[in-house]
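Peer 1: Please read through the structure below; I'll follow up with questions.
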Amino acid sequence: MSDFETAWHVEPAGKAGADRVLVLTRGDATVLVVADGAGNSRRGAEAAEAVLRGVQDAVDAGADVEREETWRDVLVRCDAERVASGQGGETTALVACVTTRRVVGASVGDSELWLFQGGESTALTEHQHRKPLLGSGQARPVTFELAWRGGVLLGASDGLFKYVDLRRIQEHVSLADANAAVLALAALPRLASGALPDDVGLVLCRPSAPCP
């Protein structure tokens, strides 16, 4: 049984979105990935999918998932490979490895990772470079590390964080049902018309409830 409870959801603003989310488990580590393809375009979506493949390949190859430098190197490699492929497309990228001890990872772009705990909120990705994006050949991923003492981690694209006040987000992250929480969070940016202003991709992670 995993030490963590995770839930994720992707809600496209149109028929086909470019946000991608992935959750992987290896040993006692859980790896969270959020990628938001630029322009909600097909090439942006392909770039986002390339990030997910790069992370999956690193985990499968036995990379040290608990080193933040591992994830910076993965994102740098994805950036270079995307340019070398000649296929175009750019994306944000957020990778976080969560263990019972700490959270480490790397990011580039404006997808964000926040920790909500005891009424407080902390942005783990506050020092990331919003541009250039991954796929430009000039991306500069920034690492992060934080001691893990419980709370709720929320990673999401700017489709959530750009359009919803942090206080409203905090009201929903601690709902008892994690799946209900991510669906409620994904609905927060909806306009009065019912439309979304942008794709929303998000993943929530928190310690598993103890067995009764």
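Peer 1: On a full-extension model of 0.36 nm per residue, what is the gain between D177 and R130, subtracting their alpha-carbon distance, rounded to one decimal in nm? Display every interim value, and only then the final one.
Peer 2: Values: separation 47, 0.36 × 47 = 16.92 nm, distance 3.22 nm.
Extra length from D177 to R130 when fully extended: 13.7 nm.
Peer 1: Now, a different point. Which loop GluC sites (Glu not before Pro) in segment 98-180, with loop taken from DSSP, have no more than 16 other Cβ atoms within 10 angstrom of their Cβ? Don't skip to the answer; put the middle values down first.
Peer 2: Numbers: sites: E112, E120, E126, E145, E171; in loops: E126.
Here the GluC sites (Glu not before Pro) that fit, given the DSSP loop and packing criteria, are E126.
Peer 1: Just one of (i) 25, 22, 14; (ii) 28, 18, 16; (iii) 44, 19, 13 is semi-axes √(5λ) of the Cα gyration tensor in Å as worked out from the coordinates here. Which one is it?
Peer 2: Working out semi-axes √(5λ) of the Cα gyration tensor in Å from the coordinates points to (i).
Peer 1: Could you work out how far apart the two model spin labels at T99 and Q56 are, taking each label as a point 7 Å from the Cα in the direction of the beta carbon, and quote it in nm?
Peer 2: Spacing of the two 7 Å Cα→Cβ label points: 2.5 nm.
Peer 1: Heavy atoms only, probe 1.4 Å: what % of the accessible area of segment 1-115 goes to carbon and sulfur, would you let me know? Show your work: numbers first, answer last.
Peer 2: Details: 2220 of 4740 Å².
It is 47 percent, rounded to a whole number.
Peer 1: Oh, and also: Enter the accessible area per residue of the chain (Å², integer; probe 1.4 Å; all protein chains in place). The partial results should precede the final answer.
Peer 2: Details: 9640 Å² over 212 residues.
I get 45 Å² per residue for this part.
Peer 1: Points 7 angstrom from Cα along the Cβ direction at R168 and S2: gap in nanometres?
Peer 2: 2.8
Peer 1: Now, a different point. Evaluate E = 1/(1 + (r/R0)^6) for D28 and D73, where r is the Cβ-Cβ distance and R0 equals 22 Å; express this FRET efficiency to the nearest 0.05. Before the final figure, lay out each step's value.
Peer 2: On the way: r = 22 Å, r/R0 = 1.01.
FRET efficiency, D28 to D73: 0.50.
Peer 1: Sorted by packing (mean other beta-carbon atoms within 10 Å per residue), highest first, where do 55-66, 23-34 land? Could the numbers behind the result be given before it?
Peer 2: Numbers: 55-66: 15.3, 23-34: 19.4.
Peptide ranking by packing, descending: 23-34, 55-66.
The values are calculated or read from the model by the stated rules, or taken from the named source; none is laboratory data. Please read these numbers as outputs of a predicted model, since none were measured by experiment. Every residue, glycine among them, receives a Cβ derived from its backbone with ideal geometry; neighbour counts consider all protein chains shown. What goes into the accessible areas is simple: the full protein's heavy atoms, side chains included, and nothing from ligands, DNA or RNA. Shrake-Rupley method; radii C 1.70, N 1.55, O 1.52, S 1.80 Å.
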